[in-house]
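Colleague: Questions regarding the structure given below will be posed in turn.
The values are calculated or read from the model by the stated rules, or taken from the named source; none is laboratory data. Computed from a predicted model, the values in this text were never measured in an experiment. A quick note on method: Cβ atoms are made from the backbone with ideal geometry, for glycine too, and the neighbour counts reach across all protein chains shown.
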Amino acid sequence: MAKADLLRSIFFVCVSLLLLSGCTTSKQILYFQDIDTAEIERIVTNYEPFIKRDDILKIVVSGPDKLVVQPYNLTLGEMTGYSASTQPENATLEYHVDKDGYIDFPVLGRIKVLGMTRQELVKYLTKELKKEVKDPIVYVSFSNFKVTVLGEVKNPGTYNVTSERITILQALGMAGDLSLTARRDGIILIREENGLNTHIKIDLKKSDILSSPYFYLQQNDVIYVPASANRVATATSTTLWSTILSAITTLMSVVSVLFATGAFGKH
C-alpha cells in the first residue's frame, strides 16, 4: 500500500467515527411531531395563577374621593416616618404573603389570600371596601412573578414576568430556545403545590402539551432542560476521543517516518 493511500485510510476512519458520534436526526429535535394527526383538546384560555406563600403582592385602592381611599394605600414613608412627598418613600407598600397564607392590609386587617387568584382577591377587597368607600377600584398584581429556565438552552437564568400569564413555550423563548443538543422529550417542570415541590416530565415532541394543565406556568416554576443522550455521551467521552486522536496522530507520524526510512520497502 502506498504511503498516501495508508494515510488517507487512517484519516477517513477517524473522520467517519467523529461524524457518527455526533449524528442527529430530525426526530430528535423537532417540536410537535404529531401535530398533523393529533386531536388537541381545547386549551384553557382563562388561566390565572394562584396566590402562594411568600408571594409579594402590590395592591392599590382608588376611588372618587382620594382622602377616603388614602388609608388603604399604606406607603413606605408612613411605615418608616419619612416624608410621603418624596420618592421612594411615597411608593405604595407591597404585601408579603406569610407562611400561613395571610397579608396584613390597612384598616381591613389580616386577610387570608392563599389559593386565591388575582381577580378573586380584587373582588373580595372591592366587596369589603364598598362598606366604607364609594365606588372603590382595586388593582392587584404580583411583584415577584418569575420563572427559572436551566439546562440546555441558550440563555439559562431567572426571568421576571410582567404579564402574570406565560406559557412554557414563551419561557423557553425568553431563554433563547433549546439547543440542538437538548432532550425534547424529557423536560422537567418543577412546581410547588400545597407546600411540596412536585415535578412532571414534558415531551415537546408531542402536541398534547398544548392542552396540558402545565402549558401555563405559575410563579417560581423551574424548567430544567436535560442534555440528549448523544450530548451526554459526547461530553463524557471527550477525554477518550482526545486520547484516540492523539494515538492516531502518533501512528500517522510513525508511518510517515517508516515510509521515509524505507522500512516498508520501495514500490
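Colleague: Quick one: how many residues across segment 162-179 are assigned to a loop (DSSP other than H, G, I, E, B) and either out of contact with any helix residue (DSSP H, G or I) (no Cβ under 9 Å at 6 or more places or on another chain) or under 15 Å from Asn220 (Cα atoms) (or both)?
Modeller: Residues flagged as assigned to a loop (DSSP other than H, G, I, E, B) and either out of contact with any helix residue (DSSP H, G or I) (no Cβ under 9 Å at 6 or more places or on another chain) or under 15 Å from Asn220 (Cα atoms) (or both) within segment 162-179 amount to 8.
Colleague: Considering only segment 194-215, state which residues are loosely packed, with under 14 Cβ neighbours inside 10 Å and over 17 Å from the mean Cα position of the chain (by Cα).
Modeller: Asn194, Gly195, Leu196
Colleague: Now for a different question. When you go through Tyr159, Tyr224 one by one, which is the residue that is over 15 Å from Pro49 (Cα atoms), of a type in the set (Ser, Thr, Tyr) and out of contact with any helix residue (DSSP H, G or I) (no Cβ under 6 Å at 6 or more places or on another chain)?
Modeller: Result: Tyr224 is the single residue among Tyr159, Tyr224 that is over 15 Å from Pro49 (Cα atoms), of a type in the set (Ser, Thr, Tyr) and out of contact with any helix residue (DSSP H, G or I) (no Cβ under 6 Å at 6 or more places or on another chain).
Colleague: Can you tell me which residues in segment 107-146 are of a type in the set (A, V, I, L, M), surrounded by fewer than 16 Cβ atoms within 10 Å (Cβ to Cβ) and touching a residue at least 40 places away in the same chain (Cβ under 8 Å)?
Modeller: Ile137, the sole residue that qualifies.
Colleague: Listed residues Tyr159, Tyr124, Tyr139; which is in a helix (DSSP H, G or I) and among the aromatic types (Phe, Trp, Tyr)?
Modeller: Tyr124
Colleague: Shifting gears a bit: Mind checking which residues of segment 209-255 are at pLDDT 65 or above, within 17 Å of Leu150 (Cβ to Cβ) and small (Gly, Ala, Ser)?
Modeller: Within segment 209-255, Ala227, Ser228 meet the criteria.
Colleague: Say whether the condition of being touching a Phe, Trp or Tyr at 6+ places or on another chain (Cβ under 8 Å) and of a type in the set (A, V, I, L, M, F, W, C) is met by at least one residue in segment 216-229.
Modeller: No; the residues of segment 216-229 include none that is touching a Phe, Trp or Tyr at 6+ places or on another chain (Cβ under 8 Å) and of a type in the set (A, V, I, L, M, F, W, C).
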